[in-house]
Every structure is written in C-alpha cells, then in structure tokens.
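One structure below.
The values are calculated or read from the model by the stated rules, or taken from the named source; none is laboratory data. Note that this is a predicted model, so its numbers are computed, not measured. As a convention, Cβ positions derive from the backbone with ideal geometry for all residues, glycine included, and neighbour counts pool all protein chains shown.
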Amino acid sequence: MPPPELPFSLDRSPHTRRWAGFSLSCSCRWLFLLVLVVFSIAPAMLAQEPSSPAQVLLRKGQAALESGDFQGAVQSFEQARQLAPDNIQAARGLLLSYLQDGRVAQALALGRNLVERWPQDAQLHHWLGLAFFKNGQNTEAAAQLREAQHFDATSFDVHFDLALVLLTDQQYSPAADELEKALKITPSNPLAHVLLGRAYQNTNRTVEAVQQFQSALQINPNIPLGHYHLGFAYASLGKNHEAIVEFEKELARSPPNPDVLFQLGHTQLETGDWKSAILNLRRATEVNTQNADAFYDLGKGLLLQGDVAQAIAALRQAVTLNPSDPSPHYQLARAFEKMGDKEQAGEEWQRFAEARKSQRQSGGMATGRVH
C-alpha cells in the first residue's frame, strides 16, 4: 500500500508482524487527486459585471475544470489573470489547473508567488502544499498544509491531505490526529476511516484499527482494499479464521491481487490448511514473481505437505530474492534432511547460522522467524 513503504516485519508470527498494507505510493501517494475537488468559483464570478471578459474566462475555465479539460482550463485562467491580475479567483483557478494538468513545476512557481501576495488564503496554501507533495517535498508540503489549517481549521480536505503527507513519511500518530479531525468534520468518508485504521495499525492500536475498517465497509461495502485491511488487522490479533473470510471477500470483488493472495495463503498456512495455502501462495508468486515472502511461505507449505523437491525450488527462489533472510536456509536444511542429503543439509544449516548471526549484529528483524 514508492517513497517509503509500510514494511512487513520479517517475523511472520501473526502476533508480532506489523502492518504490511500496500505501499503508500500505490494506494495513497497520489490519493489527493481523489480529494482535490474543483472548488466552485461561481460566486466570485457572479459578483463581477455579467459582460466582463474576465467573468467569461472564469466561467470558461471553471467549465473546463469540471469537464476534465485541464489544458483548456489553464488557457482560460491564464487569460483571465492577464485581464484581471488582482483577481484571486483567477489565481486560484490557474493554480488548481496547473495541478490537475500535472504541471508541477509551474504550480510550485505560481503557488509561491500567490501565497506571498495573498498570505492568508487557505486554498492557495492548500494547493501549494499539494504541489510540494506531488513533487516529493513532504516537509514543505506539510508546512503549507498547516498554514492552510491556520486560516481554515474546518476543511476536511486539508486535514485529509496533511494526513497523507504524514503517512507517506511514516508519521503515524500525527497522521491519526489529522484523520480524527477530518472525520469529525465529515464522518461519512470511508477512505478516511481506512487510512485512520492504517495509522492505528502502525501504532499498535489494532482493535481501534478494526473498528475503523468496519466503519469504512459499513459506509461503502465496495471500498477498494477495505476487506483486505480488515483481514490483516484480524490476523494481527490472531483471529485467523476471521482474517481468511475478509481476504476471500476482497478477492471475490476484485481481480487477483498478489498481496491479498499472499496474505490469504500465509494465514491459511497459519491455520494448517496447507492445500488452500499452497494454491493461493502459488498464485501470488505467479502474479508477483519478486515476492520473497510468498516464495518462502510456498516452500514451507510444500514441505509440510511432503512435496520436498518443489519446496526446495521455492525456497531457493526466496533466497535469491532475499539473500540476507536466514529462514529459507532453515527450511532448506530440513528439506535436505528429509531427502537424506546430509551434506547439503549441513551446508544450509551453516548458511542459516551465518545469516542469523549477521541479522543479530545488524539489528535485523528476521532472526525471530525460523518456522
């Protein structure tokens, strides 16, 4: 659920693993595009002379924004600014049009100029913050969004977008604070509930995270990844059967997602349902050939089922993808012992010991997962 991901602890115990989620760059990094609504500038237009050229251009730019013609919006608002350089609505419209059209550099340059000219305008600070965010300048983005809050503390979008910036920087507690404020303003927003659940999950408030995911699904049963997030939270609480139900619901409502398949397979493995686990883990490795964890779990499941040769192949792929992880070597040693190959088993035990020692010395988290 890119910029920093939400890491999955290499300790796979359902009681100790942290929130895997999807990287924020995939599911959240640009979510501001979902909440970057086209603020109506009609009231300001109506205040002008009906026949003024500036008003005509403002209306034209507004219509272009609403229809998704962002290049047309840019042209109209640029012309409006030339005619009425002191019109803040034209300034806002042009900055928003630059953002929507993906002209980040122009949005940054214009936004800096505009907040100097109108330093108390919350919308200008908000949209400049989004330009910084899209440019990967999260510190500057947060600063501008906090300025926007200073002048308008009642905006759901500002709290929500600041939370996205903070989540991207893995500042989960401050992000939770912003999402709580946002939901006080608009309690019916399912995406805010999902993100608040993720923030809670990453600060060990898993029971509260479950409540947020449930709230999101009550508001919108089809919200993308809602069942996935709820399933992961259940698994973190050791409620594996409930987790499996949620993962299966997620798979039923969307095309096969390798992360959902992996989590479903992993959780089925935890419950001893090796046959189902192997099926889903194999699908996960086919959809995403770079997931070392899925190959590890697949190898472990195959070994438990007695398919030693296939287990070895999967475990070797896990080693290739994540050479520093000691756990595949542990399982490989067991596999070779089952085959009666004491020499290769001994080599794997040695590799396991060396990798485990290296993990301990480096403070890595993979040392706890050996079965």
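Please find, among L196, L128, the residue that is under 30 Å from L94 (Cβ atoms), buried (at least 17 other Cβ atoms within 10 Å of the Cβ) and either at pLDDT 95 or above or not aromatic (F, W, Y) (or both).
L128
Of all the listed residues (L99, L179), the sole one being buried (at least 20 other Cβ atoms within 10 Å of the Cβ), over 27 Å from I219 (Cα atoms) and of a type in the set (A, V, I, L, M) is L99.
Are there any helices (runs of 4 or more DSSP H) wholly within the range 94-178 with 3 or more residues that are touching a Gly at 6+ places or on another chain (Cβ under 8 Å) and of a type in the set (G, A, S), and if so which? Spell out the reasoning first.
On the way: elements: 104-117, 122-134, 138-151, 156-168.
Correct list: 138-151.
Listed by first and then second residue, the pairs with beta-carbon distance under 7 Å, at least 6 apart or on different chains, first residue in the range 133-152 and within 11 Å of L166 (Cα to Cα), second aromatic (F, W, Y) and crowded, with 16+ Cβ neighbours inside 10 Å, are F133/F32; A141/F132; A141/F133.
With the condition kept exactly as written, say whether any residue in the range 279-301 is over 27 Å from the mean Cα position of the chain (by Cα) and either surrounded by fewer than 24 Cβ atoms within 10 Å (Cβ to Cβ) or not small (G, A, S) (or both). Yes, because at least one residue in the range 279-301 is over 27 Å from the mean Cα position of the chain (by Cα) and either surrounded by fewer than 24 Cβ atoms within 10 Å (Cβ to Cβ) or not small (G, A, S) (or both).
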